[in-house]
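Some notes on the structure that comes next.
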Amino acid sequence: MLRHGLRTAHDALDASVSRFDLTDIDGTIAFLRLQEAALARCPISEASTATAAAIADLTARARADLHRRGVSCLRMDTPDLSRLHPLALDYVIGGSRLGAEVLQRRWADGPAAELGIGDGYMSAPRYIEIWRDFCASAAEIPGDTALGHRICGNVSELFALFETAADRSFEETQAYV
């Protein structure tokens with residue numbers, strides 16, 4: 001199964017994102033900047049209809065939350081992700097929405113939530129159908145096939161995008177703290 005082949009890369013990305021303290025105002029803002037930067041660089045043209053809609057919605061929510069605080073979006077280069085398999089985007093976006101539930105609970109316990117910082121992004125829909133569709137499709141694809149390797153490679157490229165955004169956002173936040 002594809003998900004097992006992505007465990008190491010997934011754990012590395014989780015560790016990278018976990019650096020952001022969502023109970024803290026600066027941590028929440030840095031998290032929103034990483035999400036906006038990475039999501040804005042995901043190629044919607046390569047995504048399924050549901051995933052494209054989720055990417056557009058989540059990007060707009062993060063951007064609006066930052067704009068309300070007068071915070072600029074993170075500047076970073078856009079890698080060439082023009083040939084991604086749609087299931088790679090489904091995996092990353094659908095899976096991130098599962099993890100968002102845990103992050104939302106952490107955020108809700110802090111002053112950022114009390115001040116409404118990140119309300120838009122943190123109240124986004126779960127988009128659980130993306131994950132369900134991915135699981136149904138991935139169950140049919142052995143990981144040791146050309147298609148399986150392509151999807152795993154594409155997911156790794158997307159993880160690298162999110163890790164780069166996380167690193168940049170974290171570094172910029174540390175410079176001001």
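The values are calculated or read from the model by the stated rules, or taken from the named source; none is laboratory data. All figures in this text were calculated on a predicted structure; none of them were measured in a lab. Virtual Cβ from ideal backbone geometry, glycine too; neighbours counted across all protein chains shown.
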What are the residues in segment 120-140 that are more than 17 Å from SER48 (Cα to Cα), surrounded by fewer than 16 Cβ atoms within 10 Å (Cβ to Cβ) and either among the hydrophobic types (A, V, I, L, M, F, W, C) or touching a helix residue (DSSP H, G or I) at 6+ places or on another chain (Cβ under 7 Å) (or both), if any?
-> ALA139
Flagged in segment 46-58 as in contact (Cβ under 8 Å) with a residue 24 or more places away in the chain and of a type outside the set (A, V, I, L, M, F, W, C), in numbering order, are GLU46, SER48, THR51, ASP57
So which of VAL71, VAL102, VAL92 ends up being without any contact (Cβ under 8 Å) to a residue 24 or more places away in the chain and β-branched (Val, Ile, Thr)?
-> VAL102
Hey, can you tell me all the residues within segment 60-109 that are acidic (Asp, Glu), within 25 Å of ILE25 (Cβ to Cβ) and modelled with pLDDT of 95 or more?
-> ASP65
